[in-house]
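Down below is the structure, laid out as structure tokens.
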Amino acid sequence: MAMASVAPSLGEATKMPDWKPPILRSPAAALLAPGVIFVTLLLLGPLAILFRYSFNRFVPGELMVSALTLENYIKFFADPYYQDVLWTTLRISALSSGICLILGFPVAYFMVRLASSRLKAMMIVALVLPLMMGNAVRTAAWMVILGERGLAASIVSLFGFNGRLDIMYTEKAVVIGLVSVLLPFMILTLQSVLEGIDRSLEDAAGSLGADHVRILWRVLLPLALPGILAGVLLCFTLSMNAYATPVLIGGPKFHAMAPEVYQQVQRAMNWPFGAALAFILMITTLVLTVGATALAQRHYRRWAD
């Protein structure tokens, strides 16, 4: 009897537990793993290759020579022309993102608080439809509107202004084109955030004597700050990397970082310097995005406390 009682316990002690890889222990992780691995390889692989190219040396007769040198990055920071290109890209991106916020917030608020469900659905469709077209197509439409004899010049001439409308191939035209491309992203982002803000909070502030401006400044904007930050950063990132709009509307005299990368890689065949420009653009965008997010989160925590 004693041996019989001990035998099962020994069998249980010697039985090996079922082992599974950590990624298979969670069903959600197992489902996401193939897509994450696939996207990671397709994204980080080319970036790693491009990063390695940025340390090579460019020789006109041999194109790219394998090396480990910082001369491409030194060339960028030593040449005022490329620094001006980066500064112009930053200025245009910040201005376009700010204009999108100023124009998009009232539209998003109207959609959430004032529009009927049918009108709201129509407005969402009107915002989504332009996104189904390429940026080059929408930019080409602005070329027709802002041209010397375009629609804008024709409308201005109706009011007796016979002078030349010098908007095309300027920074103003680039800002107009970028705002038209990015505005739907801003409105849809703000609209989704404002949907989650309880309207009773605004009504409570109004019942306590707050006017519309104070309600907007003290209640609505702080609660919508995460959405505002997401919309601004999305527009800023897209405008920093925009190519079609600066090329088509800005013309040959307007220089931005993304067209400059194309210029170096495709036309000058200077792959090392083009790769360095691409990484400088990416690092600049990443640093500004992370810094703005950290500052906004600190301000939001301070307001919440």
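Number of residues in the range 60-75 that are farther than 17 Å from L281 by Cβ and touching a residue at least 24 places away in the same chain (Cβ under 8 Å): the value is 2. Does P246 count as of a type outside the set (G, A, S) and either outside any helix (DSSP H, G or I) or within 15 Å of A296 (Cβ to Cβ) (or both)? Against the criterion (of a type outside the set (G, A, S) and either outside any helix (DSSP H, G or I) or within 15 Å of A296 (Cβ to Cβ) (or both)), P246 does not qualify. Taken over the range 78-100, the residue count meeting the criterion of being crowded, with 18+ Cβ neighbours inside 10 Å and in contact with a helix residue (DSSP H, G or I) (Cβ under 7 Å, 6 or more places away or on another chain) is 10. Name the pairs whose Cβ atoms lie under 7 Å apart, with the first residue in the range 181-194 and closer than 18 Å to M133 by Cα, the second part of a helix (DSSP H, G or I) and among the basic types (K, R), and 6 or more positions between them or separate chains? If the second residue must be part of a helix (DSSP H, G or I) and among the basic types (K, R), the pairs left are V181/R138.
Suppose we keep only residues that are within 24 Å of S239 (Cβ to Cβ) and surrounded by fewer than 17 Cβ atoms within 10 Å (Cβ to Cβ) within the range 40-72. Which one would you say is modelled with the highest pLDDT? Quick ask: steps written out before the conclusion?
As a first pass, look at the range 40-72 and keep what is within 24 Å of S239 (Cβ to Cβ): 43, 46-47, 50-51, 54.
From the residues that got through so far, the ones that are surrounded by fewer than 17 Cβ atoms within 10 Å (Cβ to Cβ) too are 43, 46-47, 51.
On the way: L43: 83, P46: 85, L47: 87, F51: 90.
Looking at residues that are within 24 Å of S239 (Cβ to Cβ) and surrounded by fewer than 17 Cβ atoms within 10 Å (Cβ to Cβ), I get F51.
Each residue in the range 179-216 was checked for being under 31 Å from the mean Cα position of the chain (by Cα), of a type in the set (A, V, I, L, M, F, W, C) and not in a helix (DSSP H, G or I), and 1 pass. Look at the range 122-163 and say how many of its residues are outside any helix (DSSP H, G or I) and of a type in the set (F, W, Y). Summing the residues that are outside any helix (DSSP H, G or I) and of a type in the set (F, W, Y) in the range 122-163 gives 2.
Screening E202 against (1) under 24 Å from L119 (Cβ atoms); (2) touching a Gly at 6+ places or on another chain (Cβ under 9 Å) leaves a single unmet condition, (2).
Every test in (1) within 25 Å of C235 (Cα to Cα); (2) in a helix (DSSP H, G or I); (3) not acidic (D, E) is passed by R118 save one, and that test is (1).
Only residues that are under 17 Å from R199 (Cβ atoms) and part of a helix (DSSP H, G or I) were counted across the range 218-239, and they come to 7.
Looking across the range 237-251, the residues that are surrounded by fewer than 22 Cβ atoms within 10 Å (Cβ to Cβ) and either without any contact (Cβ under 8 Å) to a residue 40 or more places away in the chain or within 16 Å of the chain's Cα centre (by Cα) (or both) come down to T237, L238, N241, Y243, A244, V247. Summed over the range 252-266, residues that are assigned to a loop (DSSP other than H, G, I, E, B) and either out of contact with any Gly (no Cβ under 8 Å at 6 or more places or on another chain) or surrounded by fewer than 19 Cβ atoms within 10 Å (Cβ to Cβ) (or both) total 4.
The values are calculated or read from the model by the stated rules, or taken from the named source; none is laboratory data. Just so we're clear, the structure is a prediction, and the values are computed from it rather than from any experiment. Cβ coordinates were reconstructed from backbone atoms using ideal geometry, including for glycine residues, and neighbour counts include every protein chain displayed.
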